[in-house]
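Undergrad: My questions will all concern the structure given below.
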């Protein structure tokens, strides 16, 4: 059943070997998986203080997840962090338009049109509006993290080596040796996807290129940014790119000593849910919202 499959993804025995214990998260709770207790949004933001990169996952079609992401970003601003918001939803080619949004130079309609939202991402813009409103209100720097889809698709079809050097955009050779990441990838795909065949390995390589490319974009952006001890680079991406700290965050640490933290929002539930502590540094369980409310 769908529920069992979804639950198993959140209890995989992978990630930090010191946090292989299971935790129970109740509806509406944010749980600190290191301290094994629930925390408020404000306390979580305080505990995020050492981190430069803060990754917040999502299920793309869940409005509650995007509202929560916006609340975390605003809370970071309010405690004096110098916040940059990086998003999976745009690729590098849209950076100029994202800069215009930061500078309050575009209306929402102009931003949707000029950023080519429908072809860049395609989900209902209203789902993500809370994030863009916070960026606009505080004039936060907004970064398109993704790489052009053609690069990922070419890797999936014929492997990374088939991509001509000039088209690799300076992205490093994808490291396919992280077994925990491979296990997560195939768990998310579900049954029927053995990893031994070359075509499936290319498919996996495409995921690694995707994560590596987004980490590369973030690091390149930071190279052009004035250093600040209060910097918080928030990365907003699908849960598959952040769970168990084996996706984008791992690719960041492979190249940078800057610290990372991962926040994983779960699917809404009216009942407590069990998760593997290694799933993220913080896990949030949104409550079910009835259609009448």
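The values are calculated or read from the model by the stated rules, or taken from the named source; none is laboratory data. Bear in mind that the values here come from a model prediction, so they are computed numbers and not experimental data. All Cβ positions, glycine included, derive from the backbone under ideal geometry; neighbour counts span all protein chains shown.
Undergrad: So which residues in the stretch 134-153 are under 20 Å from the mean Cα position of the chain (by Cα) and closer than 22 Å to residue 69 by Cβ, if there are any at all?
TA: Of everything in the stretch 134-153, those that are under 20 Å from the mean Cα position of the chain (by Cα) and closer than 22 Å to residue 69 by Cβ turn out to be 134, 135, 140, 141, 142, 143, 144, 145, 146, 147.
Undergrad: Next question, about the same structure. Do the conditions hold for residue 267, that is, is it over 21 Å from residue 170 (Cβ atoms), assigned to a loop (DSSP other than H, G, I, E, B) and at pLDDT 95 or above?
TA: Working: over 21 Å from residue 170 (Cβ atoms): yes; assigned to a loop (DSSP other than H, G, I, E, B): yes; at pLDDT 95 or above: yes.
Against the criterion (over 21 Å from residue 170 (Cβ atoms), assigned to a loop (DSSP other than H, G, I, E, B) and at pLDDT 95 or above), residue 267 qualifies.
Undergrad: Suppose we filter the stretch 117-128 for residues that are under 15 Å from residue 88 (Cα atoms) and in a helix (DSSP H, G or I); how many remain?
TA: Summing the residues that are under 15 Å from residue 88 (Cα atoms) and in a helix (DSSP H, G or I) in the stretch 117-128 gives 7.
Undergrad: Another question about this same structure. Among the residues of the stretch 106-128, are any closer than 28 Å to residue 80 by Cβ, surrounded by fewer than 15 Cβ atoms within 10 Å (Cβ to Cβ) and in contact (Cβ under 8 Å) with a residue 40 or more places away in the chain?
TA: no
Undergrad: Out of 272, 287, I need the residue that is at pLDDT 95 or above, out of contact with any helix residue (DSSP H, G or I) (no Cβ under 8 Å at 6 or more places or on another chain) and within 20 Å of residue 21 (Cβ to Cβ). Which one? Quick ask: steps written out before the conclusion?
TA: Working: 287 fails: within 20 Å of residue 21 (Cβ to Cβ).
Selected residue: 272, the only one of 272, 287 that is at pLDDT 95 or above, out of contact with any helix residue (DSSP H, G or I) (no Cβ under 8 Å at 6 or more places or on another chain) and within 20 Å of residue 21 (Cβ to Cβ).
Undergrad: In addition: Can you spot a residue in the stretch 138-147 that is assigned to a helix (DSSP H, G or I), touching a helix residue (DSSP H, G or I) at 6+ places or on another chain (Cβ under 7 Å), closer than 28 Å to residue 251 by Cα and touching a residue at least 40 places away in the same chain (Cβ under 8 Å)?
TA: Taking every residue of the stretch 138-147 in turn, none turns out to be assigned to a helix (DSSP H, G or I), touching a helix residue (DSSP H, G or I) at 6+ places or on another chain (Cβ under 7 Å), closer than 28 Å to residue 251 by Cα and touching a residue at least 40 places away in the same chain (Cβ under 8 Å).
Undergrad: Of the conditions (1) modelled with pLDDT of 95 or more; (2) touching a strand residue (DSSP E or B) at 6+ places or on another chain (Cβ under 6 Å), residue 251 fails just one. Which one is it?
TA: Exception for residue 251: condition (2).
Undergrad: Follow-up question, since we're still on this one. Out of 24, 33, 11, I need the residue that is within 16 Å of residue 283 (Cβ to Cβ) and touching a helix residue (DSSP H, G or I) at 6+ places or on another chain (Cβ under 6 Å). Which one?
TA: On the way: 24 fails: touching a helix residue (DSSP H, G or I) at 6+ places or on another chain (Cβ under 6 Å); 11 fails: touching a helix residue (DSSP H, G or I) at 6+ places or on another chain (Cβ under 6 Å).
The unique qualifying residue is 33.
Undergrad: Of all helices (runs of 4 or more DSSP H) completely enclosed by the stretch 161-264, which ones contain at least 2 residues that are surrounded by fewer than 16 Cβ atoms within 10 Å (Cβ to Cβ) and either in contact (Cβ under 8 Å) with a residue 60 or more places away in the chain or over 15 Å from the mean Cα position of the chain (by Cα) (or both)?
TA: 179-189, 198-223
Undergrad: If I go through the stretch 90-105 residue by residue, how many of them are part of a helix (DSSP H, G or I), touching a helix residue (DSSP H, G or I) at 6+ places or on another chain (Cβ under 7 Å), buried (at least 20 other Cβ atoms within 10 Å of the Cβ) and touching a residue at least 40 places away in the same chain (Cβ under 8 Å)? Break it down stepwise before answering.
TA: Going through the stretch 90-105, the residues part of a helix (DSSP H, G or I) turn out to be 92-102.
Imposing the further condition that a residue be touching a helix residue (DSSP H, G or I) at 6+ places or on another chain (Cβ under 7 Å) reduces the set to 92, 94, 97, 101-102.
Among the residues that remain, those that are also buried (at least 20 other Cβ atoms within 10 Å of the Cβ) are: 94, 97, 101.
Among the residues that remain, those that are also touching a residue at least 40 places away in the same chain (Cβ under 8 Å) are: 94, 101.
The qualifying residues number 2.
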